[in-house]
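The values are calculated or read from the model by the stated rules, or taken from the named source; none is laboratory data. Note that the structure is a prediction, hence the values are computed from the model and not measured. Positions of Cβ are generated from backbone atoms using ideal geometry, with glycine treated the same way; all protein chains shown enter the neighbour counts. The accessibility values were calculated without ligands, DNA or RNA, using every heavy atom of the protein model including side chains. Shrake-Rupley method; radii C 1.70, N 1.55, O 1.52, S 1.80 Å.
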Amino acid sequence: MRLPDQRGDVAHTEDSIGHPVRVKLVSGEEYEGAIEYWDAGFIRLTRVDGPNLFIYKEQLRYIEELDKD
């Protein structure tokens, strides 16, 4: 499954950089952290409770913004 590269997706991802997010993968795994980098092929998720992750976009099911508490 490949996520569409649409302008709305790019704008939403740019707004999410540095903000807390929950990432759910197509495998069902979930991770929380902050998106520190993204490009056409992957995102870098910086986490407090584990190592940073580089996740290919075809592995993403969704990205959910969390409260900034």
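Things to note:
- In a DSSP loop and with at most 10 other Cβ atoms within 10 Å, the trypsin sites (Lys or Arg not before Pro) in the range 13-68 are LYS68.
- Derived scalar couplings ³J(HN,Hα) [the range 46-56; Karplus, 6.51 cos²θ - 1.76 cosθ + 1.60; whole Hz; x for Gly, Pro]: 8, 10, 8, 9, x, x, 5, 10, 9, 10, 5
- Integer Hz, Karplus 6.51/-1.76/1.60 couplings in order for the range 28-34, x for Gly and Pro: x, 5, 10, 9, 10, x, 10
- Longest to shortest principal axis, alpha-carbon extents of the range 19-69, angstrom: 30, 21, 18
- Accessible area (Å², 1.4 Å probe, nearest 10) - ASP39: 50
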